Every structure is written in C-alpha cells, then in structure tokens.
1. Where residues in region 150-169 are touching a strand residue (DSSP E or B) at 6+ places or on another chain (Cβ under 6 Å) and assigned to a strand (DSSP E or B), which of them is nearest to the ligand (Cβ to nearest atom)?
2. Looking at the structure I just gave you, is residue 112 more than 11 Å from the ligand (Cβ to nearest atom), at pLDDT 95 or above and crowded, with 19+ Cβ neighbours inside 10 Å?
3. Anything in region 115-149 that is closer than 18 Å to residue 9 by Cβ and within 12 Å of the ligand (Cβ to nearest atom)? List them, or say none.
4. What strands (runs of 3 or more DSSP E) lie completely within region 1-107 and have 2 or more residues being touching a helix residue (DSSP H, G or I) at 6+ places or on another chain (Cβ under 8 Å), modelled with pLDDT of 95 or more and surrounded by 16 or more Cβ atoms within 10 Å (Cβ to Cβ)?
5. Is it true that residue 125 is assigned to a strand (DSSP E or B) and either surrounded by 16 or more Cβ atoms within 10 Å (Cβ to Cβ) or free of Cβ contacts under 8 Å to residues at least 12 places away in the same chain (or both)?
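The values are calculated or read from the model by the stated rules, or taken from the named source; none is laboratory data. Fair warning: this is a prediction, and the values are worked out from it, not measured in the lab. Positions of Cβ are backbone-derived with ideal geometry, glycine not excepted, and every protein chain shown enters the neighbour counts.
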Ligand code: PRP
C-alpha cells in the first residue's frame, strides 16, 4: 500500500513570484497596444492566472475553461473532455491559454485546436510548468515558467485528488511506503 505526502519544495513562492513577473512583462511586450484575454484552464491554473493577470502591465481580460483529463490518480488517462466553456467571445481577440502544467500535451493541444476555430486575432500558450520528458503530443509553448522533471507536484493551485491547491510553494508529492 502506498500513501503520499507533501515533500520537499521544488519551486518556492519567491521563485514563482519572480518568474511570474517576468512572464507578465514578456506577454505585455509581445501584446503592446492590445488588451489580451487570458484563458485559464480550471482548476489548476486559477492561482497562476490570477497572478499573471496582475503581472501584465496593460489592461487584460480573464476567462476560464474546464477540461477533464486526469482521474483521481497521478497519471493522465489520455482522454480530454470539455466540461465548462468560456463566457466571453474571443473572436478578434489576442488570446493566451494559461495552464499550470503540460504533461503529455493532450490537454493544451486539444484546447489550442478548439480555440483556434473561434477566430481569435492571435493565440498563444503560457505554461507555468513544463514536464518535457512526458510529452506525447507536439505542442509549441510560447511562454514557459519552469521546465521540471517528471515528478508529481502540488501547491500553487496544483492538486492531488483535490488537496494541496492552497499551498503557496510548489512541492513534490512523495510516496510513503506503509507496512
Ligand atoms: C492537469 C493540468 C493540465 C493537464 C496536463 O489538469 O492542469 O490541464 O492535467 O496534462 P496533459 O498535458 O497530459 O494533458 P488536471 O486534469 O489535473 O485538472 P485540474 O487542473 O483541475 O487539477
């Protein structure tokens, strides 16, 4: 029987804050004179999206979509399903999809294709954590916070079975062997 517990900090709240500020500046520069729309992917990207919105120097809008790809375990099922749609029209807008983590790439690839059909002026991807070693589907990520190893990470919006989203740092979830 394997239990899990929150282990070492992989990325601290201070490191996150510095990187989010840099990403906000870069997005602001690349969208100068425009008011981009951040599309956060529920639920893991909520905390990151809220911080990123405030790090972009010009006015920006925010909306959310929900997809389901994981069950209650730690591995992707490979199935992506749209469970909640945007409330705004993105036609003619500069859209940035904001994700907490890219793993296989299936979710972001599905979302990019889905949003592209709605005729945005531009469409880019911003991801806090990129697990490049787990990629199964090719995706071009425009803004990457951190490339991380294949470890299960919780905190700063990321969960394990609905828990730990509230933790301010990104920490590794470690297996604990029980007798
Ligand atoms: C996670 C993450 C991405 C997806 C990445 O979401 O937020 O949406 O999995 O995996 P992929 O690249 O293999 O598709 P999760 O299903 O855990 O939902 P949550 O954001 O609500 O926690």
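1. Checking each candidate, the answer is 158.
2. Values: more than 11 Å from the ligand (Cβ to nearest atom): yes; at pLDDT 95 or above: yes; crowded, with 19+ Cβ neighbours inside 10 Å: no.
Judged against the criteria, residue 112 is not a match.
3. Going residue by residue through region 115-149, those that are closer than 18 Å to residue 9 by Cβ are 128-129, 131, 145-149.
Matches in region 115-149: 128, 129, 131.
4. Details: elements: 2-11, 37-42, 61-70, 76-84, 94-102.
Once the strands (runs of 3 or more DSSP E) in region 1-107 are filtered for at least 2 residues that are touching a helix residue (DSSP H, G or I) at 6+ places or on another chain (Cβ under 8 Å), modelled with pLDDT of 95 or more and surrounded by 16 or more Cβ atoms within 10 Å (Cβ to Cβ), what remains is 37-42, 61-70, 94-102.
5. Taking the combined requirement at face value, the residue satisfies it.
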